[in-house]
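Report on the structure given below.
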Amino acid sequence: MNELVSLAQPGVLSNPTTHAEFLTFTLKDQWLNIDQINEALSQLPGIEKSIRQKDSSAGLSVTMGFSANSWPILFPDIPKPAELHDFRELVDGPRLFPSTSGDIFLMVKSERKDLNFQVAKYAARALADIAELTEDIQGFKYLDNRDMIDFVDGTENPLDKERAEAVLVKEGNDSEMGGSYLTVQRYIDRHQDWDALPTEQQEKVVGRTKMDDIELSDDEKPAWAHNEKSKVEVGGEEIKMYRQNRPYGNAIEHGTMFVGFAASSSVVETSLKQMITADENGDYDKLLDFVEAKTGTNYFVPSQRFIDERFDD
């Protein structure tokens, strides 16, 4: 496992930072020249390195992911990762997880919003000939790692060795080893409806106490609680993912960027299906009554070794 950790892109395993910028690019043409592609992508490591040197204490990292659509175009000589596929739309009743476009995804993390912006600006310029920047979301740490509905987010994230076990691909070809599958969704909060809910009811929806962030007991927690419906279990054992979620927005419109890493794409998919689909008792994740998913994309985040070999001049 230590060898896999050394292979991974640093941003995959590191903790979320105070500021994060999430960039979604869509390829302009299905018939791009490979030299043009390599010229564009090879600029990204240099941009990261140059801006990181401006403040080594800021912990800047740029994590790159690529979609099922883009993989054969960008890397025609390398087999597509085994579990990489487009995000599959999920719908049940009025609840919808849409599938939206996105071919190249950059997650820029640091303690400085200005450095993140510089990376975003120069990355957009570097990729302009091959891809259009279709979404640029600036996330941030809110209070003590709370989301915009005022509950602590990421409490159950795995740590250290358990995190690496949950996130990194351990089997497959050389291009897959040390990589990770990533699902990204942008949610908007229906904050007026949520704010009108009494705190006790909010706690039942989330499955944790609001002030102290303590998980409700089995007797207190309903079957439709968010932390119950989103949990993935196989044979009685919980299978973890690593969420690097960040709030975004302002007083007019705000929400959460869901950024979920896992060693298998099936982990996040199972979680989302459990959340949105009403079971035989009609129970689904009641948090979905108060948030709305606006995007849904899947990526494979290859190892740092893969990035260095392909792009680093």
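The values are calculated or read from the model by the stated rules, or taken from the named source; none is laboratory data. Given the structure is predicted, the values throughout are model-derived calculations rather than measurements. Note that we place each Cβ from the backbone using ideal geometry, even for glycine, and neighbour counts take in every protein chain shown. All accessible areas refer to the heavy atoms of the entire protein, side chains included, with ligands and DNA or RNA removed. Shrake-Rupley method; radii C 1.70, N 1.55, O 1.52, S 1.80 Å.
Are any of the residues in segment 215-229 open to solvent by less than 30 Å² (accessible area, probe 1.4 Å) and touching a strand residue (DSSP E or B) at 6+ places or on another chain (Cβ under 6 Å)? No, there is no match, as no residue in segment 215-229 is open to solvent by less than 30 Å² (accessible area, probe 1.4 Å) and touching a strand residue (DSSP E or B) at 6+ places or on another chain (Cβ under 6 Å). Taking each residue of segment 171-185 that is more than 15 Å from residue 10 (Cα to Cα) and assigned to a strand (DSSP E or B) and looking for partners that are of a type in the set (D, E, K, R) and open to solvent by 50 Å² or more (accessible area, probe 1.4 Å) with beta-carbon atoms closer than 9 Å, six or more apart or interchain, yields 185/294. Selection of segment 54-63 for residues being touching a residue at least 12 places away in the same chain (Cβ under 8 Å), open to solvent by 70 Å² or more (accessible area, probe 1.4 Å) and assigned to a helix (DSSP H, G or I) yields only 57.
Residues are listed down the side, and each one gets a yes or a no for (1) touching a strand residue (DSSP E or B) at 6+ places or on another chain (Cβ under 7 Å); (2) of a type in the set (Phe, Trp, Tyr):
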{"site": "65", "(1), (2)": "yes, no"}
{"site": "70", "(1), (2)": "yes, no"}
{"site": "76", "(1), (2)": "no, no"}
{"site": "79", "(1), (2)": "no, no"}
{"site": "84", "(1), (2)": "yes, no"}
{"site": "90", "(1), (2)": "yes, no"}
{"site": "95", "(1), (2)": "no, no"}
{"site": "98", "(1), (2)": "yes, no"}
{"site": "105", "(1), (2)": "yes, yes"}
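Flag: residue 178 matches the condition of being open to solvent by less than 30 Å² (accessible area, probe 1.4 Å), within 22 Å of the chain's Cα centre (by Cα) and on the phi > 0 side of the Ramachandran plot. Determine if segment 41-53 includes at least one residue that is at pLDDT 95 or above, open to solvent by 70 Å² or more (accessible area, probe 1.4 Å), assigned to a loop (DSSP other than H, G, I, E, B) and under 22 Å from residue 124 (Cα atoms). Yes, that holds for at least one residue.
Listed here are the residues, each with its yes/no results for (1) within 20 Å of residue 240 (Cα to Cα); (2) among the β-branched types (Val, Ile, Thr); (3) buried (at least 22 other Cβ atoms within 10 Å of the Cβ).
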site	(1), (2), (3)
259	yes, yes, yes
274	yes, no, no
286	no, no, no
289	no, no, no
292	no, no, no
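From the list 306, 261, exactly one residue is of a type in the set (Phe, Trp, Tyr) and in a helix (DSSP H, G or I). Which is it?
306
Which ones in segment 99-121 are open to solvent by 20 Å² or more (accessible area, probe 1.4 Å) and either free of Cβ contacts under 8 Å to residues at least 60 places away in the same chain or of a type outside the set (Lys, Arg) (or both)? 99, 100, 101, 111, 114, 117, 118, 121, listed by residue number. Being surrounded by fewer than 17 Cβ atoms within 10 Å (Cβ to Cβ), of a type outside the set (A, V, I, L, M, F, W, C) and in contact (Cβ under 8 Å) with a residue 60 or more places away in the chain is a condition met by at least one residue of segment 19-34.
Pairs are defined by a Cβ separation below 6 Å, a sequence spacing of at least 6 or placement on different chains, a first member in segment 225-254 that is on the phi < 0 side of the Ramachandran plot and in a helix (DSSP H, G or I), and a second member that is of a type outside the set (Phe, Trp, Tyr) and crowded, with 20+ Cβ neighbours inside 10 Å; the pairs so defined are 226/206; 226/207; 226/285; 226/287; 227/207; 228/207; 229/275; 229/285.
Checking the structure you have, find out if any residue of segment 75-83 is aliphatic (A, V, I, L, M), surrounded by fewer than 16 Cβ atoms within 10 Å (Cβ to Cβ) and either within 17 Å of the chain's Cα centre (by Cα) or not in a loop (DSSP other than H, G, I, E, B) (or both).
no
Listed by first and then second residue, the pairs with beta-carbon distance under 7 Å, at least 6 apart or on different chains, first residue in segment 285-313 and at negative phi, second basic (Lys, Arg) and in a helix (DSSP H, G or I), are 285/229.
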